[in-house]
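Report on the structure given below.
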Amino acid sequence: MTAGCVMKSSWLEKNTFHYSEFNDLGRLVEEKQRKNLTISLCLPTLNEEKTIAKEILIMKSELMTRYPLLDEIVVIDSESTDKTREIARSFGADVYKATEILPALEQFKGKGENLWKALYVTKGDIIVYLDADIKNIHHRFVYALIGPLILFDNIKYVKAFYDRPIAIGKSKIRPTGGGRVTELVIRPLFSLFFPELTQILQPLSGEYAGFREIFEVIPFPIGYGVETSMILDIYGKWGLDVIAQVDLDRRIHRNQDTRALGKMAFVIIMTFINRKIKLGLIDLKEDLFNEMIQYNLVKNEYKPDIFQIQGHERPPIIEIPAYRDKFNKSL
Amino acid sequence: MDSHLDKLPAFVDTIESIKEMIITNIVLIGQVPSPTFKEKRRTSVFMERLADFHVDECTTDGYRNPIGVIKGTSETKPPIFVVAHLDTNWGADIDHYYTIKENSITGAGVMENSIGVGVLVSLPEIFRKLNLSFKSDIVLAGVIQSLGRGNLRGIRHLLKTWATPIRGAVCIESYDLGRINYYADGMIRCEVDCNISANNEWEHKFKPNAILILNEVINQILKLSLPQRPRSRVIIGKISGGFKHGTIALDAKLGFEIQSNSDKMVKSIFNNIKDIVEGIGHEYEVELKLKTLSNISAARIKFNHPLVKSTVDVMRKLDLTPISEPSESELSIFLSRKIPAVTLGITHGEKHQHIKAVAEIEPMFKGIAQIIGVIMAIDSGVCDEE
């Protein structure tokens, strides 16, 4: 089967934007107010004392004080051992330890856990998730994700892409692509199973925004797999047309070594396969192993370094009674 | 004037209340690399920010110095200039991303001159917040090509081509809070290049060493008798050369400045050094070139000029201790054109010239209040009196 027969190629053209299309902040604020929307920015953190203050400060200055686009900035922290929480608080963010949110539930640690719990403590109709380790942070990272959600009624979820992205139209060719894990893991998997999704240029980017009504009805893996599962679930439930992507130009963040990326790739593949099983698209004869095994040379001996993944996943938060009570919602 | 002074301590708190906006400007501008002669990207960000803060006019002059103008209420009062240089000593290959902590901003160029430029573009919003308006137009100029080989070209061009008189000026530097510069020494900045041909080994019985030759130049400069009056000095500031530990150096470069409060003395010392360089070049039969990178003339306003006195009053009102030193910056160009001007610093910090320079946040608010106090003093006429 060729991918061409299932590709809805106009999506890339219609639903791909550049951040500069949304830099009229006055207009975004007007439209936000007209639609009576509230917007929350959520920053999941783990030892981000070097970058967190800058993110909060710029967003607060530009998108709260000067243009009231954001209604709150919330930091959800995974037990940082540095001064992340203290610094974030001193610059005016609402700071929570992930373990303090919904404490009666079993506790897990991971980015997905923080994002999921953010749904409980934030108030916004729209939630913007931003990694807290962006060195070249600029308020475009937020307003460009919010823009399509406010201005286009059909769009419910927006994903960022950066740096070397896309060629649309004749003679405008720039190399496409994301990071190593995107190109070596996600893109081949999408090409094999969901060719349409290859149009999402950087599916693993940590910056995205969406309506609460979307996030509250999808499950969240607690670890690295959250971005992959989010795309698969949103695509599965609502199709590609509710998704948009925005070119944010450049994003500079910490570089990860190959071993760390190997672990990330492991989790993502695991999430992907589990989703396929759940959707009834594939059937495995045996359970998957849940350990990533890497080797270190220690005193002339190869020793395994085992990284175990439980693959825990939070259910759609709408299924949590405390959430339904707080937001006055029903199943 | 006293009523202006009385308002200053309260200004500090109001300015602090918009610290996010001020630091955001420092970061958004400072993170854009801006080595001398390559300030274009920083110029664009500077203009974008000024336009975003709704100054009345936003443009560049013929030399591409970005300028914002806040219109004054008077039709007749000449404008007041507030300037900060946009260029830095750091190339685009250096990581310019800043780290902010509770009371510090860390990163390349933050002390030279991102704080100054960030504060400059924040002034329109600070004026609004303080509910201030001025009789004079306030011209906010980020000037390019100031440092090193830039030789203050940006400010020279801006003032040379500015059509109307200028009432007075404040030059903003990131550091150090408490400085007050109102005089500039005469200065010539030079480089001596020593190059020894790698091919013609037969010319020399013993292969000369470029580093040792420059060492000889330094020794001869140090032997010069410099007078106590007029106050004069030669600063040996930079040296580089050689290839590797075990190879005779074929290239070396020496950078120095001659400074004096007498232009005549600067010229005289320069001529002496020129003789030294020519003499050593002949003696060792090597190519030794003396190049002038930049120069400025000595200029000053008197210590009892009303602008200086008012500035000192402003600083004292804010519990700052004024420290006066000569400055070879934009100030000298204003003064040489008989425009009363001072240079002031915004904050304290450390490792000023380092890739991880640190600026303190908290003192900035007094530093900014001081700038505003001096602008108010100029607007009240302290530069009109002489």
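The values are calculated or read from the model by the stated rules, or taken from the named source; none is laboratory data. Here the structure is a predicted model, which is why all the values come from computation and not from measurement. Note that each Cβ is placed from the backbone with ideal geometry, even for glycine, and that neighbours are counted across all protein chains shown.
For region B:79-88, how many residues are within 16 Å of residue B:162 (Cα to Cα) and in contact with a Cys (Cβ under 9 Å, 6 or more places away or on another chain)?
Start the filter on region B:79-88 by keeping residues that are within 16 Å of residue B:162 (Cα to Cα), which leaves B:79-83.
Narrowing the set further to residues that are in contact with a Cys (Cβ under 9 Å, 6 or more places away or on another chain) leaves B:80-83.
Adding up the residues that qualify gives 4.
Set side by side, the residues B:20, B:39, B:16, B:48 differ, and just one is in contact (Cβ under 8 Å) with a residue 40 or more places away in the chain, in the same structural domain as residue B:139 (by TED's automatic domain parsing), under 22 Å from residue A:57 (Cα atoms) and of a type in the set (D, E, K, R), which is B:16. Cβ-Cβ distances below 8 Å connect the following pairs, each with a first residue in region B:307-328 that is within 22 Å of residue B:84 (Cα to Cα), a second residue that is assigned to a loop (DSSP other than H, G, I, E, B) and polar (S, T, N, Q), and a separation of six or more residues or different chains: B:315/B:321; B:326/B:261. Quick check on region A:82-98: of everything there that is within 8 Å of chain B (Cβ to nearest Cβ) and more than 17 Å from residue A:72 (Cα to Cα), which residue is surrounded by the fewest Cβ atoms within 10 Å (Cβ to Cβ)? Among those that are within 8 Å of chain B (Cβ to nearest Cβ) and more than 17 Å from residue A:72 (Cα to Cα), it is A:86. Looking at this structure, is residue A:209 in contact with a strand residue (DSSP E or B) (Cβ under 9 Å, 6 or more places away or on another chain), crowded, with 16+ Cβ neighbours inside 10 Å, within 26 Å of residue A:49 (Cα to Cα) and in contact (Cβ under 8 Å) with a residue 24 or more places away in the chain? Yes, satisfied. Among the conditions (1) acidic (Asp, Glu); (2) modelled with pLDDT under 95; (3) more than 15 Å from residue B:331 (Cβ to Cβ), residue B:185 misses just one, which is (3).
Cβ-Cβ contacts under 8 Å between residues 6 or more apart (or on different chains), taken from a first residue in region A:186-204 that is among the charged types (D, E, K, R) to a second residue that is in a helix (DSSP H, G or I), are listed as A:187/A:198; A:196/A:11; A:196/A:235; A:196/A:240. Residues that are part of a loop (DSSP other than H, G, I, E, B) and crowded, with 23+ Cβ neighbours inside 10 Å within region B:346-380 comprise just one, B:357.
I'm trying to understand the selection: among the residues of region A:292-325, which are out of contact with any helix residue (DSSP H, G or I) (no Cβ under 6 Å at 6 or more places or on another chain), closer than 18 Å to residue A:214 by Cβ and not aliphatic (A, V, I, L, M)? Listed by number, the residues that qualify are A:313, A:315, A:316, A:319, A:324.
Residues in region B:203-257 that are surrounded by 13 or more Cβ atoms within 10 Å (Cβ to Cβ) and polar (S, T, N, Q): how many? So the count comes out to 4. The residue of region A:116-146 that is farthest from the other protein chains (Cβ to nearest Cβ), among those that are basic (Lys, Arg) and assigned to a helix (DSSP H, G or I), is A:117. Of the residues making up region A:271-293, those that are loosely packed, with under 14 Cβ neighbours inside 10 Å and either closer than 22 Å to residue A:260 by Cβ or touching a residue at least 24 places away in the same chain (Cβ under 8 Å) (or both) number 7.
Note on region B:249-284: among residues that are farther than 15 Å from residue B:224 by Cα and assigned to a strand (DSSP E or B), the one that is farthest from the chain's Cα centre (by Cα) is B:251. Being at pLDDT 95 or above, out of contact with any Leu (no Cβ under 9 Å at 6 or more places or on another chain) and within 14 Å of chain A (Cβ to nearest Cβ) is a property that residue B:105 has.
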